[in-house]
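Since the structure comes first, as structure tokens, the remarks are kept for the end.
Derivation of every value follows stated rules applied to the coordinates shown; laboratory data play no part. For clarity, every value in this text was computed on a predicted model and none was experimentally measured. Using ideal geometry, Cβ is built from the backbone for each residue, glycine included, and neighbour counts are taken over all protein chains shown.
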Amino acid sequence: MATGTEPHLNSGGVRTGTRAAITAPHLRTDRWWLAPAATAAGLLAFIVYSTWRAFANADYYAAPYVSPFYSPCLAENCEPMRAGPNWDLFGSWWGISPAIIILIFPLGFRLTCYYYRKAYYRGFWMSPPACAVAEPHKKYSGETRFPLILQNIHRYFFYAAIPVAGILTYDTVLAFRDENYEWGHMGLGTLVFVVNIVLIWAYTLSCHSCRHIVGGKLKHFSKHPVRYRMWQWIGKLNARHMLLAWASLVSVALADFYVYLISSGVFDDPRFF
Amino acid sequence: MSSYEARFKVWRGDVQGGGLEDFKVEVNDGEVVLDIIHRLQATQAPDLAVRWNCKAGKCGSCSAEINGRPRLMCMTRMSVFTREETITVTPLRAFPVVRDLVTDVGFNYTKAREVPSFVPPEGLAPGEYRMMQEDVDRSQEFRKCIECFLCQDTCHVVRDHEENKPAFAGPRFLMRVAELDMHPLDAASETGLDRKKTAQDEHGLGYCNITKCCTEVCPEGIKITDNALIPLKERAVDRKYDPLVWLGSKIRRRSS
Amino acid sequence: MSVVERQEWDVVVVGAGGAGLRAAIEARERGARTAVICKSLFGKAHTVMAEGGIAAAMANANEHDNWQVHFRDTMRGGKFLNQWRMAELHAREAPERVWELETWGALFDRTKDGRISQRNFGGHEYPRLAHVGDRTGLELIRTLQQKIVSLQQQDKKETGDYESRLKIFQECTVTRILTASDSGSAAGGSRVSGVFAYERETGRFFVLEAPSVVIATGGIGKSFKVTSNSWEYTGDGHALALLAGAPLLNMEFVQFHPTGMVWPPSVKGILVTESVRGDGGVLRNSEGKRFMFDYIPDVFKEKYAQSEEEGDRWYEDPDNNRRPPELLPRDEVARAINAEVKAGRGSPHGGVFLDVSTRMPAEVIRRRLPSMYHQFKELADVDITAEAMEVGPTCHYVMGGIAVESDTAAARGVPGLYAAGEVAGGMHGSNRLGGNSLSDLLVFGRRAGWHAAEYAAARAFERPEVSDLQIDTAAAEALRPFSAEGPAGGVDDGRPPENPYTLHQELQQTMNDLVGIIRRAGEMEQALEKLADLRVRARRAGVEGHRQFNPGWHLALDLRNMLLVSECVARAALERTESRGGHTREDHPTMDRKWRNINLLCRLADPTGGLAATDPEHGQITLLRETTDPVRPDLLALFDKEELVKYLAEEELYQ
């Protein structure tokens, strides 16, 4: 019989006693760790950056540009932005950075997003780290119980993400004013904002919940031709959900960083007209 | 025609134990891993157990793990490996082993039986069915499935957690629930069967954490996660986590 | 001998392809407790390889279509050798069988108004093939499989056990049909009493006792080297029926599909669908010549284009031009390719070139032939949008099979034995039309299940006995490969056992070279000698290891069946001195009207079921000529007189 017969294993998972006796948790020879490692590194970088920026409570406004992290700005301690997304809903008791109030929504949207779930389940939680690579956990209940069962509320964050994207669109329109609030301006910052808002919308609309609400829930497409066409269109975007998730994540950080650079006076916004 | 000698490690044994056995074997131009396994049978190991059938990627019999990745042996060309590489072939590691490369895939047949079948609509005789192409497209994608069970094998929910097997149907059969729920003429709901709800309550949809390995290994290229599992999760949300729907069903239950 | 487990069932179905599953569904729905035995896993049958569609005159695409037209096409395709009553039943019932699949959950491609879409195919006058892209066979199997599961779910509700009335014994092989005689002889008799089988996984023997057995095991392609068939196609059902005393009909008719892949070696034989040529693909030899223009037979001269220009115009304007000769019937094209290769004008790997790359833009090819594009890309590294494919004939289907009664699918001469699908003969005559195999499965699968259930019900209180002697004999036969040294003191003493894989390869080479697509008397005589030699050596086929999932052992047992069936093919082919459909004689190149109503029946030479293996002279098979019933006048009236003259002998015409 086979050479190197191994003692019988019985320690769960792929080493369960009835399965082929192989000690190695996996036999992959390719660089399977690269994707989860890169994912984890990327997400970690964003978390560090965004935490710093969200709590900094400074350098987020340089007329006409407002950092997407601070928009809308809803506390009294916000920097005044003329005709900007700047409503004093929370009053003076809010002492810390006003970014925290609004960031909950995009954060929740991305945290419950079907793509990011895959990314952090694989990258951080290693459940699993890669296909056919054994995960290190003894127990697994997936999204069947609290807290992960809350992932099911993704669609409500999607609803919330629409007004947020709307306000960022408004910010982008305002970026066509100059620092004196005169219309007819376009600077490098305007371009950064336009690119960012296009990616934000593309990411938001390519959401799986959106695809479901628009048409996926229907049993008979033939009876709803308009919704069917919208579902097909969103389906095409949805196929690029991962790409859009990363692109919009980078673009939103870049937009914020750009505002930071201008606001802190590192350089002046180059003007096109 | 150029041929060379390749190094193989093939797992041999049964439920009592076993291990990787070394082979040196001739490889010719254009061959696939299954050809090499057959050559081993014909020349070195006549009793090497392996399941196969059509050898054209259409029946889904020759599933195994090649260099640790779940694949069909008949669709894995030798040209994807370098000549120096040692190629390791093992049985599927999520199922009990029978012998050599053959595993007991009974889990899948058990799960297949647990999904309630298509319910034909009342009052439509054979020949009277009318369905539009756009309405059958989604389910037709899922019906491309050749039941190779690679998705069931790679899914960590059961691969890494034997104890989840009773509660979890696996990607293939959750996709079957989705297929029936999207079938334009399925009349399950008329008989009181809510497939959206049972997907979560009885077939373990909640265990899926959409890490997409099922989609990655599917030899038919079916978008299992994006087109079946996530839409099914959203449909379950419609039933179970939509406050308006939930409130409505509470009131209806009280009044009845 | 060890005690072998026995179970009682009403109907046992051998084979779980389309015909077997359809038979099982019917038998169970008619109240019979039904067991299905199959060599592979449930749902992996060879039926999944069918691509084109199911032929049924539903008239969804052309309202002029009806069963009479379908019947006419089928008889023409089979060159009037078809068992006409089968062709009639098939054409009449196919639409209902297809519609029924929809009520079980099948999802066919749709027409604009939501009905089942139907496509054109060779030999069919109207678009007639219900299809699902190019995976119709998979849809068929899956639908039947899921219908069986739904019946089991019903049974579970009523009895608490999924398998109380319908059970699948997967990965099991039947090696003998057991029989009983009215006199109670222990050696068996003429009536079916059950089957003897083993589990592939464990090697354990078991017996299913049943008054009715339906054979639905498919074809014989694995006896040939180049084939589109899977390993299961070892002619098991044909051999089981022979051994049980039933005759095989017209085994000389084997269909070679003209275009199979020839390279790489690992995929040699895999089908390249007819649609490639239908969509504009052309055949060229190594000199770059479209050689098919040289191979148009006289009878087809008026119907096919005489120049490349005309042939090319046909794709756009079929009403005013004649079709290109690449679209001649399968047998003609296969013979032409064969001749080119023999003349030294073949491609590097022994085929000819099938080219679409110079005929259509790349994106059109990818859209119209997606699976062919992927098949060549993934398996051969050939981009068919940029270069030509290499193709050659491949063994595809056997028209001959178990001789059955048309209405009941009952095997002749063995009460309780039924056969349906490819394993049954008669339906397709000398040549099968594309799409008719899937409808054949459904129509006759149902009929076999129905009559098997009725037969079993009538014998509920006098079930035939299964004798221990028969079981012991079958067990000894199955175990022989484990002790395969020659008889002590005999000529074989001390010689090492034969390798079953080697024997199989030699058999395949023999059949391919000597009883292949073009046949000659001398070569077939040579083949019979070689078969006799292989038969002797196969007695000594030995295997290593034990009985648990041992492929060497399985092959050693299948060899018996392949050798029996191959001898039938060779003997019948030698006997029929004409060329018709799937049987081409170089020494008798024309169709002979005198053979039109002659069936060749193969029977076991030793009717007791023993195999006279050591006597190469006699062989195991005897042939019998039989004159068929005249075609019913109302069916004959569907054809023009001028057409009938080509096929029917004078005395048949004026009866």
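Quick notes
- Shielding score for C:544-551, defined as the mean number of other chain Cβ atoms within 10 Å: 6
- The GluC sites (Glu not before Pro) of the range C:310-380 meeting both criteria, a DSSP state outside H, G, I, E and B (loop) and at most 13 other C-beta atoms within 10 angstrom of the site's C-beta, are C:316.
- Cα centroid separation, the range B:39-110 to the range C:34-68 (Å): 29 Å
- Using θ = phi - 60° and Karplus 6.51 cos²θ - 1.76 cosθ + 1.60, couplings along the range A:248-260 (whole Hz; Gly, Pro as x): 6, 5, 5, 5, 5, 5, 5, 4, 5, 5, 4, 4, 4
- The range C:47-54 - phi-based ³J(HN,Hα) in whole Hz, Karplus 6.51/-1.76/1.60, Gly and Pro as x: 3, 4, 7, 5, 10, x, x, 10
- Folded to 0 to 90 degrees: helix C:67-77 orientation relative to chain C principal axis, Cα: 90 degrees
- Average beta carbon contacts from partner chains per residue of C:36-42, 10 Å cutoff: 3
- Förster-model FRET efficiency, 60 Å R0, residue C:294 and residue A:44, C-beta, rounded to 0.05: 0.25
- Against chain C, whose longest principal axis is taken from its Cα atoms, helix C:84-103 shows a tilt of about 90°.
- All aspartates and glutamates inside 20 Å of residue A:118 as judged from Cα atoms, apart from same-chain residues fewer than 8 positions distant: A:135, A:143, B:153, B:160, B:216, B:226, B:234
- Among C:634, A:59, a tally of other beta-carbon atoms within 10 Å of each Cβ gives an order, fewest to most, of C:634, A:59.
- Short-range pairs are left out: with C-alpha atoms under 8 Å and at least six residues apart, the relative contact order of chain C is 19 percent.
- Considering only A:73, A:210, A:131, the Gaussian network model of chain A with Cα springs below 10 Å gives its largest mean-square fluctuation to A:131.
- Value in Å of the Kirkwood radius, where the range A:207-273 supplies the Cα pairs that are averaged: 14.8 Å
- Projected label distance in nm at residue C:586 and residue C:407, using a 7 Å step from Cα toward the beta-carbon: 4.7 nm
- Straight-distance crosslink candidates among aspartates and glutamates, where the alpha carbon sits under 19 Å from residue C:530 and sequence neighbours closer than 8 are dropped: C:252, C:492, C:498, C:506, C:513, C:558, C:567, C:575, C:615, C:617
- Exposed-loop-free span, longest in chain A, where trypsin sites (Lys or Arg not before Pro) count as exposed if DSSP calls them loop and at most 11 other C-beta atoms lie within 10 Å: A:146-273
- Net charge contributed by nearby residues that have their C-beta within less than 11 Å of residue A:178 (K/R +1, D/E -1): -1
- Unmatched cysteines, chain A - criterion: no other Cβ of a Cys under 4.7 angstrom: A:113
- Relative to its Kirkwood radius, the Cα radius of gyration of the range C:500-635 gives an Rg/Rh of 1.06.
- Amide H to amide H distances under 5 Å link residue C:304 with no residue, where only residues 5 or more positions off or on other chains count and H is placed in the peptide plane.
- Structural size metrics of the protein assembly as shown, computed from C-alpha coordinates, are Rg and Dmax of 33.4, 114 Å.
- In order along the range C:638-649, the Karplus-derived 3J(HN,Hα) couplings, from 6.51 cos²θ - 1.76 cosθ + 1.60 at θ = phi - 60°, round to 6, 10, 6, 4, 4, 6, 4, 4, 5, 9, 8, 6 Hz, and Gly and Pro are given as x.
- In this structure the amide hydrogen of residue C:180, modeled in the peptide plane, comes within under 5 Å of the amide hydrogens of C:189, C:190, C:191, C:192, C:193, none closer than 5 places in sequence on its chain.
- Convex hull of the range B:106-255 built on C-alpha atoms - directionally averaged projected area, nm²: 10.6 nm²
- Distance histogram for chain A (every C-alpha pair counted, 5 angstrom bins, percent rounded to whole numbers): 1, 5, 10, 13, 14, 13, 11, 10, 7, 5, 4, 3, 2, 1, 1, 0, 0, 0
- Neighbourhood net charge (12 Å Cβ-Cβ; Lys/Arg +1, Asp/Glu -1) for residue B:239: +1
- Mean per-residue shielding of peptide C:92-103 is 3, counting Cβ atoms of other chains within 10 Å of each Cβ.
- Once backbone amide H atoms are built at 1.01 Å from N, residue C:580 has C:585 as its partners under 5 Å, excluding neighbours fewer than 5 places away on the same chain.
- Of A:245, A:24, A:130, the one that fluctuates the most in a GNM where chain A has Cα springs shorter than 10 Å: A:24
- Restricting the range C:116-173 to chymotrypsin sites (Phe, Trp or Tyr not before Pro) that sit in a DSSP loop and have at most 13 other Cβ atoms within 10 Å of their own Cβ leaves nothing.
- Residue among A:66, A:250, A:48 with the largest mean-square fluctuation in a Gaussian network model of chain A, springs linking Cα atoms under 10 Å: A:48
- Normalised contact order of the range B:4-103, rounded percent, pairs of Cα under 8 Å and 6 or more residues apart: 34 percent
- Counting neighbouring Cβ atoms within 10 Å and putting the fewest first, the residues A:181, A:120, B:207 line up as A:181, A:120, B:207.
- log10 of Debye I(q)/I(0), alpha-carbon scatterers only, for chain C at 0.06, 0.12 Å⁻¹: -0.32, -1.33
- Residues A:124, C:376, arranged from fewest to most other Cβ atoms within 10 angstrom of their Cβ, appear as A:124, C:376.
- Span from the the range C:223-238 Cα centroid across to the the range B:1-35 one, whole angstrom: 25 Å
- Computed E for residue B:130/residue B:252 - FRET, C-beta separation, R0 41 angstrom, nearest 0.05: 0.80
- Cross-linked pairs A:139/B:111; C:79/C:268; C:44/C:79: Cα-Cα separations exceed 24 Å for C:79/C:268; C:44/C:79.
- For the Cα trace of the range C:308-457, dividing Rg by the Kirkwood Rh returns an Rg/Rh value of 1.12.
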